[in-house]
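The structure appears right after this line, and notes come after that.
The values are calculated or read from the model by the stated rules, or taken from the named source; none is laboratory data. Model, not experiment: these values are computed from the prediction. Positions of Cβ are generated from backbone atoms using ideal geometry, with glycine treated the same way; all protein chains shown enter the neighbour counts.
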Amino acid sequence: MNLGRKILTGNEAIAHGALEAGIGVATSYPGTPVSEVLKNICVYSKCVGVRAEWSVNEKMALEVAAGASYAGVRALCSMKHLGLNTALDSLSVIAYTGVNGGLVLIIGDDPEPTSSQTAVDTRYHAILSKVPCLEPANGQEAKDFVLEAFELSEKFKVPVIIRITPMIAHSIFIVKLGKKLKPFRNPKFIKDPDRYVCMPHNTKMLHDQLNQKEEKISVFFAASKFNKLELDNAKFSILASGFSYNYVKDALNILGLKANVLKLLTTNPIPEQTINKLISVSENILVVEELEPIAEGFLSVVAQKRGFKGKILGKLTKHIPRVGELNAQIVAGAICSINGKKNPFSKIKIPKMPRTVPSLCAGCPHRSSYYVLHKVLRKLKGYNAIGDRGCYNVGAHPPLRAIDACLCMGASIGIGYGLVAAGVKEKTVAVIGDSTFFHSGITALINAVQHGINMTVLILDNDYTSMTGHQPNPGTGFDACGRKVNIINIEKLVKSLGVKYYRRADPYSLKAAEKAVKGAIEFKGLSVVHMKRECALVSQKKINPQDKDIKYIVKGCRLCMHCINTFACPALYVENGTVKISQWKCIKCGVCAQVCPFDAIKRMNKAW
């Protein structure tokens, strides 16, 4: 049964593709730009019988999916590119053992980057792990590639990566859909220690088998219907991978120029036979790909082997930038410079958008936590506040300037530990969120406890993985599909590790929170303060009807600017020589009333 056409984002298309492929298990850890893949699978999970979950981290997500694959069930695992760094240890070994049921990884790269601390190119991970990598150029291909990837995975017994970028993940496409299938495999794990027990005497044999698979996949890709050489009676050629193909076509149309274009969507292993076809019709070749010059490097090697006399142009020749996301304007500029044409974009001046400073939401409990922390720390001669990955790192911006360093998921405790271990005399505080603590902060805390490190850990717990869309985590109480599950109690967990100083505090109660943090800072040894309050965006939706009659107003403001300069809630602003409160932004948390040194912010009931 054909379900016709539907307007979908790339992430939604991928989810539909997975359901059409008959997956039995879907796993993920939230990360932009692919968080919506699992979310959309969950919509249909009950009716088609798919087990879908937000795993505690990306490594766990991949291992759960791999276990399902070992049992013969098709499994999909999605994560952002940085998550693959976490899961790489597992991926490289799964590639050796091979899979049974198809195992497909959806990896979202962030070339700009817009929501990541780095712009790592996933294709390097595919090369390192020797697994196939596909790059769709539009939403239809994104959906179709999922089905193709499962077939490819089962044909060669390897995990397959589909690499997408935000332009695929979040753009809108018209997609032709097929029928969703219920999982059609009976799970059964067949023991084979020579294959699954990756010890040195087995690994050498498995490595050789993986190399042979890679060679066969390269030949298979040479005949792929997705790679397409478009000949246009031109001596100038362009190789474009993934979504970059669209930039190339747009640029050529705008410029009114002809070029032979190879649309390369199988980017590891790159099929040499396909590259040879392009070389045979070309004098010069421009390579357009996002992030690293991977296809460009491979093309250069093949061209040299064939004695190609023309030029290979791209990132290595600085015709295409190696940093940031591409667009048609950049590609058009490269084409014009190579062909000696006048660039029609050169006279167009793109106005610079005013820089906006990201801010924590109105009523965000993290702002209160930072306010308390820095009120205590400012009394010390010196301190270091090490942050972590999550919405709370927005607090690094002025005027809060709440953290001094932020590396990657779960690193705050480890970096703080390192400062102390190195002999830094200033007090060190590590700030970490609840989801990030579960992700990879627990092991760091264990390490710090074991070695008796003198530092403070601040766990900012808002009940969700909020930055990526309020996905549940082990402390939330429900799973990806809304079913009730066990809650992992952070207090019991921390105390079980042997932490001598643990305090739980409500960030909205400033005096009590300040007392807890002050005690932690003064404690000689490892101390933990657990700041727990539900995310303001969630609690605002569940506001008590009685609270709707409450509002906070400013009366008798002395314009000391303390609330603006040190607390900086977006609901506060200055107008006509006084601080005012935006009633449509204010969530009535009441913290600003506690912050004001002159008691000028008052709580009013309906009587106002």
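Laid out as a table, the results:
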read-out	value
Unmet requirement for residue 515, which otherwise passes all of (1) surrounded by 16 or more Cβ atoms within 10 Å (Cβ to Cβ); (2) in the same structural domain as residue 460 (by TED's automatic domain parsing); (3) of a type outside the set (Gly, Ala, Ser)	(1)
Verdict on residue 80 being within 16 Å of the chain's Cα centre (by Cα), more than 26 Å from residue 206 (Cβ to Cβ) and among the basic types (Lys, Arg)	yes
Cβ-Cβ under 8 Å pairs, at least 6 apart or on other chains, segment 63-82 side within 18 Å of residue 21 (Cβ to Cβ) and not assigned by TED's automatic domain parsing to the domain that holds residue 164, far side among the basic types (Lys, Arg) and part of a helix (DSSP H, G or I)	none
Candidates 242, 256, filtered to the one that is surrounded by fewer than 17 Cβ atoms within 10 Å (Cβ to Cβ) and either within 27 Å of the chain's Cα centre (by Cα) or not assigned by TED's automatic domain parsing to the domain that holds residue 81 (or both)	256
Filter result (touching an Asp or Glu at 6+ places or on another chain (Cβ under 6 Å) and within 22 Å of residue 476 (Cβ to Cβ)) within segment 54-86	79, 83, 86
Considering residues of segment 275-310 that are of a type in the set (Ser, Thr, Tyr) and at pLDDT below 95 only, the residue farthest from residue 342 (Cα to Cα)	280
Qualifying residue in segment 549-556 (condition: free of Cβ contacts under 8 Å to residues at least 24 places away in the same chain and out of contact with any Phe, Trp or Tyr (no Cβ under 8 Å at 6 or more places or on another chain))	no
Subset of segment 145-176 that is within 20 Å of the chain's Cα centre (by Cα) and of a type in the set (S, T, N, Q) - its residue that is nearest to residue 88 (Cα to Cα)	165
Set 361, 336: member being in a loop (DSSP other than H, G, I, E, B) and touching a residue at least 40 places away in the same chain (Cβ under 8 Å)	361
Some residue of segment 446-456 being assigned by TED's automatic domain parsing to the domain that holds residue 387, of a type outside the set (A, V, I, L, M, F, W, C), touching a Cys at 6+ places or on another chain (Cβ under 8 Å) and in contact (Cβ under 8 Å) with a residue 12 or more places away in the chain	no
Sole exception among (1) touching a Phe, Trp or Tyr at 6+ places or on another chain (Cβ under 7 Å); (2) surrounded by 21 or more Cβ atoms within 10 Å (Cβ to Cβ); (3) part of a helix (DSSP H, G or I) for residue 329, by number	(2)
Count of residues meeting criterion [closer than 15 Å to residue 326 by Cβ and under 25 Å from the mean Cα position of the chain (by Cα)] in segment 268-304	8
Residue count, segment 71-93 (criterion: of a type in the set (A, V, I, L, M) and under 16 Å from residue 162 (Cβ atoms))	6
Single residue of segment 75-114 satisfying the filter (of a type in the set (Val, Ile, Thr) and part of a strand (DSSP E or B)) that is surrounded by the fewest Cβ atoms within 10 Å (Cβ to Cβ)	107
Qualifying residues in segment 540-557 (those that are out of contact with any Lys or Arg (no Cβ under 8 Å at 6 or more places or on another chain) and part of a helix (DSSP H, G or I)) - the one modelled with the lowest pLDDT	545
Residues of segment 447-465 classified as over 11 Å from residue 436 (Cα atoms) and among the hydroxyl-bearing types (Ser, Thr, Tyr), total	1
Single match in 34, 99 (criterion: under 27 Å from residue 324 (Cα atoms) and of a type in the set (A, V, I, L, M))	34
Flag if residue 163 is charged (D, E, K, R), closer than 23 Å to residue 63 by Cβ and modelled with pLDDT under 95	no
Residue 225, sole failed condition from (1) out of contact with any strand residue (DSSP E or B) (no Cβ under 6 Å at 6 or more places or on another chain); (2) under 15 Å from residue 136 (Cβ atoms); (3) at pLDDT 95 or above	(3)
Flag if residue 383 is modelled with pLDDT of 90 or more, in the same structural domain as residue 533 (by TED's automatic domain parsing), closer than 29 Å to residue 114 by Cβ and of a type outside the set (D, E, K, R)	no
Qualifying residue in segment 284-305 (condition: surrounded by fewer than 14 Cβ atoms within 10 Å (Cβ to Cβ) and either aromatic (Phe, Trp, Tyr) or more than 24 Å from residue 220 (Cα to Cα) (or both))	no
In segment 309-318, the residues that are in a loop (DSSP other than H, G, I, E, B) and surrounded by 19 or more Cβ atoms within 10 Å (Cβ to Cβ)	314, 315
Boolean, residue 129 is of a type in the set (Gly, Ala, Ser), within 22 Å of residue 227 (Cβ to Cβ) and not assigned by TED's automatic domain parsing to the domain that holds residue 290	yes
Given (1) of a type in the set (Val, Ile, Thr); (2) modelled with pLDDT of 95 or more; (3) within 25 Å of residue 377 (Cα to Cα), number of the condition residue 443 does not satisfy	(3)
Any hit, segment 513-525, residues being within 24 Å of residue 401 (Cα to Cα) and at pLDDT below 90	no
Within segment 188-204, tally of residues that are more than 15 Å from residue 157 (Cα to Cα) and free of Cβ contacts under 8 Å to residues at least 60 places away in the same chain	9
Residue check, residue 277 assigned by TED's automatic domain parsing to the domain that holds residue 332, assigned to a strand (DSSP E or B) and either touching a strand residue (DSSP E or B) at 6+ places or on another chain (Cβ under 7 Å) or closer than 22 Å to residue 127 by Cβ (or both)	no
